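Enquirer: First the structure, then my questions, so here it is.
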Amino acid sequence: MTVHVITDSASCLPRELADAAGVTVVDLYTSGQGAEKTTAGLGALELTASYARLLERSGDEGVVALHLSKELSSTWSNAVTAAGVLEGKVRVVDTNTAGMTLGYAALEAARVARAGGSLDEVADAADRVLNTATLWLYVHKIDSLRRGGRLSTARTLLTTALAIKPILKLADGELQLAAKTRTQAKAMAKLVEMTSEVVVAEADAAAEESRKPRRMKIGIMQSEAVEPAKHLKQLIEEQLAELPAELMDRALKPEKSKKSEKADKADKAAKAAQDATTEDAVGGAAAEPKPPALPDIDVELFEVSEGLAVHTGPGAIGVAVVCV
């Protein structure tokens, strides 16, 4: 028997991928049509029943529940209530996220569960992924976010008046403005730039900590924007292919910091002495600087789930980045 992992459809996990990984996905509720369409969180009674069924299948090994941010839905608080009925056998993780950052955390938790991990180990695996997660959202029109209460009316009016194409970031479970652009093309370029920065940050951190970079997953999600999402995937892959050369160039030509002339001269003298020492140690040849190693990266395409699409509206594109 193994620990079971459950999430909701806000994870954007395709059913076949979830089934193959052993992740149970429960659908969020949607009702209405068109602009009147709304969503509702999962109730405590329904979650209690879902958890109880999984506990029976797991032989009481336990259940790890990963639901969308408590700032975005009542599902998390209802999950905590449901878990309280089942005597500590259900661990509800406070994810503070949604989309494929949530999906990737569920997949990693399920991998550890399949390997025989305990309830604590499976929950910790999800937490490790969530602690590295970054999620951006480009919305073609922000009316849907305003109607669903995910963005303030004042910000909506200001953005509309200025004809801004915003990029939002899910931080601390809430949507916050990450960047302002004027066109969709510029928004896509900004997403490529920010994604690249996260990858380089992991490479730099690994080099500084003398460890191998963690594998990274980049999930591109779209709502009625298949071709723009495919194009964004291509742009990101092209940028990632250029990173080794850019990092080598950075290693060979480090940016000069702003220092006083006196400090600059002192640095040059110290460097000359260090180079001389290095040359003596290696037979007269100074060691060539090495760029940090890049992580292995998977770039994948996903569809925004119906429950999230109600709030993002058509044309929305999200980018989820995690380390696993």
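Enquirer: Can you tell me which residues in the range 99-119 are crowded, with 24+ Cβ neighbours inside 10 Å and among the small types (Gly, Ala, Ser)?
Expert: Result: GLY99, GLY103, ALA105, ALA106, ALA109, ALA110, ALA113.
Enquirer: Checking the condition surrounded by fewer than 20 Cβ atoms within 10 Å (Cβ to Cβ), assigned to a helix (DSSP H, G or I) and out of contact with any Cys (no Cβ under 9 Å at 6 or more places or on another chain), which residue from ALA229, ALA187, ALA206 passes?
Expert: Exactly one residue qualifies, and that residue is ALA206.
Enquirer: While we're on this one: In the range 13-57, which residue that is more than 24 Å from the chain's Cα centre (by Cα) and among the hydrophobic types (A, V, I, L, M, F, W, C) is surrounded by the fewest Cβ atoms within 10 Å (Cβ to Cβ)?
Expert: ALA35
Enquirer: Something else now. Would you confirm, using the coordinates I've provided, whether ALA206 is over 23 Å from ALA309 (Cβ atoms) and modelled with pLDDT under 95?
Expert: Criteria not met by ALA206.
Enquirer: Could I ask something else about it? Among the listed residues LYS70, LYS89, identify the single one that is among the basic types (Lys, Arg), surrounded by fewer than 20 Cβ atoms within 10 Å (Cβ to Cβ) and touching a Phe, Trp or Tyr at 6+ places or on another chain (Cβ under 6 Å).
Expert: Answer to the check: LYS70.
Enquirer: Here is a follow-up. Would you say MET216 is in contact (Cβ under 8 Å) with a residue 24 or more places away in the chain, in contact with a Phe, Trp or Tyr (Cβ under 9 Å, 6 or more places away or on another chain) and either surrounded by fewer than 17 Cβ atoms within 10 Å (Cβ to Cβ) or not assigned by the TED database to the domain that holds GLY99 (or both)?
Expert: no
So that you can scan it fast, the table gives a plain yes or no per residue for (1) small (Gly, Ala, Ser); (2) under 21 Å from GLU121 (Cα atoms); (3) in the same structural domain as VAL112 (by the TED database):
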position	(1), (2), (3)
ALA44	yes, no, yes
LEU47	no, no, yes
SER50	yes, no, yes
GLY62	yes, yes, yes
LEU66	no, yes, yes
LYS70	no, no, yes
SER73	yes, no, yes
GLY84	yes, yes, yes
GLY88	yes, yes, yes
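Enquirer: Can we say ILE236 is β-branched (Val, Ile, Thr), out of contact with any Gly (no Cβ under 9 Å at 6 or more places or on another chain), closer than 24 Å to VAL139 by Cβ and not in a helix (DSSP H, G or I)?
Expert: On the way: β-branched (Val, Ile, Thr): yes; out of contact with any Gly (no Cβ under 9 Å at 6 or more places or on another chain): yes; closer than 24 Å to VAL139 by Cβ: yes; not in a helix (DSSP H, G or I): no.
No: the conditions fail for ILE236.
Enquirer: ASP27: under 28 Å from MET221 (Cα atoms) and not hydrophobic (A, V, I, L, M, F, W, C), yes or no? Lay out the reasoning, then the answer.
Expert: Values: under 28 Å from MET221 (Cα atoms): yes; not hydrophobic (A, V, I, L, M, F, W, C): yes.
Considered against the rule, which asks whether it is under 28 Å from MET221 (Cα atoms) and not hydrophobic (A, V, I, L, M, F, W, C), ASP27 comes out as yes.
Enquirer: It is to be established whether one or more residues within the range 283-299 are exposed (fewer than 15 other Cβ atoms within 10 Å of the Cβ), at negative phi, at pLDDT 95 or above and part of a strand (DSSP E or B).
Expert: Within the range 283-299, one or more residues are exposed (fewer than 15 other Cβ atoms within 10 Å of the Cβ), at negative phi, at pLDDT 95 or above and part of a strand (DSSP E or B).
Enquirer: Same structure again: Would you point out which residue out of LEU55, LEU42, LEU47, LEU102 is outside any strand (DSSP E or B) and touching a Phe, Trp or Tyr at 6+ places or on another chain (Cβ under 9 Å)?
Expert: Values: LEU55 fails: touching a Phe, Trp or Tyr at 6+ places or on another chain (Cβ under 9 Å); LEU47 fails: touching a Phe, Trp or Tyr at 6+ places or on another chain (Cβ under 9 Å); LEU102 fails: touching a Phe, Trp or Tyr at 6+ places or on another chain (Cβ under 9 Å).
After ruling out the rest, the residue left standing is LEU42.
Enquirer: Of the numbered conditions (1) surrounded by 14 or more Cβ atoms within 10 Å (Cβ to Cβ); (2) in contact (Cβ under 8 Å) with a residue 60 or more places away in the chain; (3) not hydrophobic (A, V, I, L, M, F, W, C), THR81 satisfies every one except a single condition; which is it?
Expert: (2)
Enquirer: Has the range 47-63 got at least one residue that is in contact (Cβ under 8 Å) with a residue 60 or more places away in the chain, farther than 17 Å from THR81 by Cβ and aliphatic (A, V, I, L, M)?
Expert: No, because not a single residue in the range 47-63 is in contact (Cβ under 8 Å) with a residue 60 or more places away in the chain, farther than 17 Å from THR81 by Cβ and aliphatic (A, V, I, L, M).
The values are calculated or read from the model by the stated rules, or taken from the named source; none is laboratory data. As the structure is a prediction and not an experimental result, all values here were calculated from the model. Backbone-built Cβ (ideal geometry, glycine too); neighbour counts: all protein chains shown.
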